[in-house]
1. Could you list, in sequence order, all residues of the range 56-74 that are over 29 Å from residue 206 (Cβ atoms), touching a residue at least 40 places away in the same chain (Cβ under 8 Å) and under 18 Å from the mean Cα position of the chain (by Cα)?
2. Please determine whether any residue of the range 208-229 is modelled with pLDDT of 90 or more, over 30 Å from residue 32 (Cα atoms) and more than 28 Å from the chain's Cα centre (by Cα).
3. Does the range 187-197 contain any residue that is in contact with a helix residue (DSSP H, G or I) (Cβ under 9 Å, 6 or more places away or on another chain) and modelled with pLDDT of 95 or more?
4. Please verify whether the range 200-213 includes one or more residues that are within 21 Å of residue 74 (Cα to Cα), in contact with a strand residue (DSSP E or B) (Cβ under 7 Å, 6 or more places away or on another chain), assigned to a strand (DSSP E or B) and in the same structural domain as residue 112 (by TED's automatic domain parsing).
5. Condition first: over 25 Å from residue 130 (Cα atoms) and surrounded by 13 or more Cβ atoms within 10 Å (Cβ to Cβ). Can you find one or more residues in the range 253-262 that meet it?
6. Name the single residue, out of those in the range 236-249 being out of contact with any helix residue (DSSP H, G or I) (no Cβ under 7 Å at 6 or more places or on another chain) and either assigned to a loop (DSSP other than H, G, I, E, B) or in the same structural domain as residue 165 (by TED's automatic domain parsing) (or both), that is surrounded by the fewest Cβ atoms within 10 Å (Cβ to Cβ).
7. Quick one: residue 222 ticks every box in (1) outside any strand (DSSP E or B); (2) in contact with a strand residue (DSSP E or B) (Cβ under 7 Å, 6 or more places away or on another chain); (3) over 22 Å from residue 148 (Cα atoms); (4) in the same structural domain as residue 58 (by TED's automatic domain parsing) except a single one, so which number is it?
């Protein structure tokens, strides 16, 4: 009898250690066939992953990503994969000094992503890069605390234009937009800061849960807080790539789309009052009297 009870307790503890069984609790989607799984149990990264930016390593059977200052870009890891229209993806994550983890889906450009920070996460449909007038759209947002050093489990569900996510047993982020349903041919986990980890990635085919519309009516709507515009000082620092306290013509025009660079160059020349080929913070954004 004691052995039987011990076995039951051991099994229950093992389930608890694995985190919530999200896929067994349908929200937007009904789970189908498992189509991808990665546990990072090998000491080296599988060759099906590409790492164009950052430093990546396997630590304690988890994938660690660190941004490199020389890249001037988040660390990036990707895997090619043609996604079905409806799918579920689940993974574990942990902040360990880093400040942002994205779960990004891409095709012809960026399609959609979930962006995690230690204070919560957002769900976005991405802008069309070739359209300078297009903008990213935030469709869902949750405020939730993820302390450094603690593992959490995120589940993302996509069905056509619908986007739903949950971390652990926290509140749902959900929304929909036509941007979400565009074809997806790869996914990845860009990370900002030094460093963060992910583990235990699983992806399932799925069907739309016929009870979703009814369930959605019972959920409190997401309170979406739009990011505040950066201060003048912050904008100046963003342009001042080499940190010399001034903004050169190259620094001023290079971040802009090619069709916007000529007007930006003319703007730079008007701002450069002393004609020394660089902008001070006062020239960059003069105080209006």
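The values are calculated or read from the model by the stated rules, or taken from the named source; none is laboratory data. Since this is a predicted model, take the numbers as computed values, not measurements. Positions of Cβ are backbone-derived with ideal geometry, glycine not excepted, and every protein chain shown enters the neighbour counts.
1. Within the range 56-74, 64, 66, 67, 72 meet the criteria.
2. So far as the range 208-229 goes, no, none of its residues is modelled with pLDDT of 90 or more, over 30 Å from residue 32 (Cα atoms) and more than 28 Å from the chain's Cα centre (by Cα).
3. No, the range 187-197 has no match at all.
4. Yes: the range 200-213 contains one or more residues that are within 21 Å of residue 74 (Cα to Cα), in contact with a strand residue (DSSP E or B) (Cβ under 7 Å, 6 or more places away or on another chain), assigned to a strand (DSSP E or B) and in the same structural domain as residue 112 (by TED's automatic domain parsing).
5. At the first step, the residues of the range 253-262 found to be over 25 Å from residue 130 (Cα atoms) are none.
No, because not a single residue in the range 253-262 is over 25 Å from residue 130 (Cα atoms) and surrounded by 13 or more Cβ atoms within 10 Å (Cβ to Cβ).
6. 243
7. Unmet condition: (4).
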